[in-house]
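Q: This structure is in C-alpha cells; I'll ask about it shortly.
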Amino acid sequence: MKLPESYYNPLSLTGTVISSVSLLLIFLSLLLSFLFNAGSSYLGLFSFILMPAIMIVGLLLIPLGMMREARRLKRAKRELSPKWMVIDFGDPRYRNAASVFGIGTIVLMLLTAVGSYEAYHYTESVEFCGQVCHRVMKPEYITYMNSSHARVACVECHVGQGANWYVKSKLSGLYQVYAVLANNYPRPIPTPISNLRPAKETCEECHWPEKFYTPRLQYAQHFLSDSLNTRWDIQLRIKTNSSHSSANLSEGIHWHINPDVRIEYIAEDDSREIIPWVRSIDLSSGDTVVYEDSWVPLDSATIATATPRVMDCMDCHNRPSHNYLLPQQFVDQGLSSGNIPLLPGVKALTMDILKDPYPTEDSALVAIRTLISNYYEINHPEISKEDVNKAVKGVSDGYLRNIFPEMQASWDVYSDHIGHIAYNGCFRCHNDSHISRDNLKITRDCDACHSILMQGSPGQEEFSPVNGSLPFRHPVDIDQVWKESLCADCHRYLYL
C-alpha cells in the first residue's frame, strides 16, 4: 500500500513504530489482566495511562514528520502539488491515505473512549490512591484497610460526586505527582483540613442527621502494666442520640449537629487541638451563649477578626478511616484476640520497648524481637520459644499497622477527636474551663455522653442497676487525680 511521499521519513516511521508497539502492549496487558486475572497496581497505570500517552505521542509524530518532509521536498524544489492542498481520489496514494486515516480515526476514537473510561475509573480506585505511590501513601493505605470504612472507596470521602471536585482533585494531584518525583513531599502527609470537602457533601451521603441512631453499647478490654497483665473490662452505653426516637437529636452526642442548633468555635490553630472560644445558638429561639476558656482565653482583637467555624461531623470524626492506634491500644487488642499471648509482664515490657521512636521500620522490628526474646530467655526460661515468637509477631504486626517511621506517621501526629482518653477530643470543649458570662459551663459530667454499665476485673465486676450508671472507678488507685486533670495527660504518653 503506497502512501503519500511525505510519509516516508524517519520521524513518521518512528511514530508509526511507537504507536503500533504501544497499541500492541495495551492489548497484551489487557489480555493478561482479564483472561488470566493477573497483574498489579501498576498494570492499570501502564495499560490506561502510560501506554495510551506514549501511543498518542507516536501518532502525533506521524503528521509532524510528514509536515517536515513536505517542507524539505519543497525546499528541494520537489513540490508535492502546485497548489496548497489537493485531494485527488483518482490517485491511489490519496485513497490509501484516506482509508488509513478514516479507519485509524474510528479505531482511535473507540480506543480513546474505552481508555478514557477505564483511566477515569482506575484513577478513582483505591488501588490507584493507595498503592501506586506506595512509599508515600503506605501509612494512609494500611490504616484505611484496617478501618471501618475499608469498603468505601477513597474518592467517596476525598472527592465525592460531581465534576467540580473531580477536577479540583486531579489538579491537586498534579502537584502531588511532582512532589513525589522531586522527593520533596512532606513527612508525614498533613491532614487536608482546610481543603477537605464539607461533610454534608460526603459523609451525609450515607450518614445523615435526620436518621435516628439509638444509643449503642461499647465493650472494651484493657490490660494493666503489672506482672499479671491484669485485665480490666468496661462496658458503656454511648448516648449518641436521645433514648427514644421521638426526641431524635434533642439530646445526646449528636445534639451538636441538631438542625435547630448551631455550634460555632474558634480554634487556636489549623489543627483544632485547642478551642478557647465556643458559641451555641438556638436557631428556633435565637438564644445565644458564648463560652470562653478561662485557662487560655482569646483576646478580643483575635475574636473580632476570626471567622468562627460551624461544627460538623468532621470536628469529632476527624479520623473516620485512617486510624493510628497508640501502642497500648494495639497491644491491648493483641492480648484480647490472643495474637499476643498473656506472658508474665508482657504488657509492661512492650510498653517499655515502644515508648521511644525508632528511625526505621526494620530497626523497630529488630528491637522488638531482640528485647522480647532476651527478656523471657533471662527472666522466664520456662516459657516456650513458640509463645515468645508468637508475642514477637503479635507486637510486630501491631507496630506495622500503626507506626511508620520512614514517613514519620503515627498516633503522635494524627490526633483522634473521638473520646477523651488518649487525646483531648471531647475535652477540647468539655473540660469545665469553658465558662459564659452568666457563669454557665460546658459540662464535663461523664453521664452526659455515656453511662457505665459494667467495670472491673473478671470475677470482680461491678454492674449498674437497670437504666442506671456506675460512677467511674480508675483501674489503678490514683486518688482523685483523674478528676482534676485530663485523661490524655497520662494515657497519651505514659502508656498506663
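Q: I'd like to verify a number: residues in region 173-207 that are of a type in the set (S, T, N, Q), surrounded by 13 or more Cβ atoms within 10 Å (Cβ to Cβ) and in the same structural domain as P139 (by TED's automatic domain parsing), how many?
A: 2
Q: For N402, state whether it is closer than 22 Å to S271 by Cα and modelled with pLDDT under 90.
A: No; evaluated as a whole, the condition is false for this residue.
Q: If you don't mind, there's one more thing I want to ask. Keeping to region 340-385, report how many residues are among the polar types (S, T, N, Q) and buried (at least 17 other Cβ atoms within 10 Å of the Cβ).
A: Counting residues in region 340-385 that are among the polar types (S, T, N, Q) and buried (at least 17 other Cβ atoms within 10 Å of the Cβ) gives 1.
Q: Read through the list (1) under 30 Å from A153 (Cα atoms); (2) surrounded by 15 or more Cβ atoms within 10 Å (Cβ to Cβ), then give the number of the only condition that V310 fails.
A: So the condition that V310 fails would be (2).
Q: Got a sec? Which of K390, K347, K355 is within 30 Å of I234 (Cα to Cα) and in contact with an Asp or Glu (Cβ under 9 Å, 6 or more places away or on another chain)?
A: So the residue among K390, K347, K355 that is within 30 Å of I234 (Cα to Cα) and in contact with an Asp or Glu (Cβ under 9 Å, 6 or more places away or on another chain) is K347.
Q: Are any residues in region 470-496 in contact with a Cys (Cβ under 9 Å, 6 or more places away or on another chain) and in contact (Cβ under 8 Å) with a residue 60 or more places away in the chain, and if so, which ones?
A: The answer is L496, and nothing else.
Q: Here's something else I'd like to know. Report yes if M67 is at pLDDT 70 or above, closer than 13 Å to I26 by Cβ and either among the hydrophobic types (A, V, I, L, M, F, W, C) or in a helix (DSSP H, G or I) (or both), otherwise no.
A: no
Q: Condition first: more than 30 Å from D270 (Cα to Cα) and either modelled with pLDDT under 80 or not charged (D, E, K, R) (or both). Now tell me which residues in region 194-219 satisfy that.
A: K211, F212, Y213, T214, P215, L217, Q218, Y219
To keep it simple, each residue is scored yes or no on (1) touching a helix residue (DSSP H, G or I) at 6+ places or on another chain (Cβ under 6 Å); (2) at pLDDT 90 or above; (3) not in a helix (DSSP H, G or I).
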site: E406; (1), (2), (3): no, yes, no
site: I421; (1), (2), (3): yes, no, yes
site: Q455; (1), (2), (3): no, yes, yes
site: G459; (1), (2), (3): no, yes, yes
site: V466; (1), (2), (3): no, no, yes
site: S469; (1), (2), (3): yes, yes, yes
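Q: Can you spot a residue in region 249-258 that is within 27 Å of the chain's Cα centre (by Cα), free of Cβ contacts under 8 Å to residues at least 40 places away in the same chain and assigned by TED's automatic domain parsing to the domain that holds R309?
A: Yes, the conditions are met somewhere in region 249-258.
Q: Here is a further query. Give just the number: which of (1) under 29 Å from T305 (Cα atoms); (2) touching a His at 6+ places or on another chain (Cβ under 8 Å) does W232 not satisfy?
A: (1)
Q: Hey, any hits in region 438-445 for a residue that's assigned by TED's automatic domain parsing to the domain that holds Q235, crowded, with 17+ Cβ neighbours inside 10 Å, polar (S, T, N, Q) and closer than 27 Å to N241 by Cβ?
A: no
The values are calculated or read from the model by the stated rules, or taken from the named source; none is laboratory data. Since the model is a prediction, treat every value here as computed from it, not as a measurement. A quick note on method: Cβ atoms are made from the backbone with ideal geometry, for glycine too, and the neighbour counts reach across all protein chains shown.
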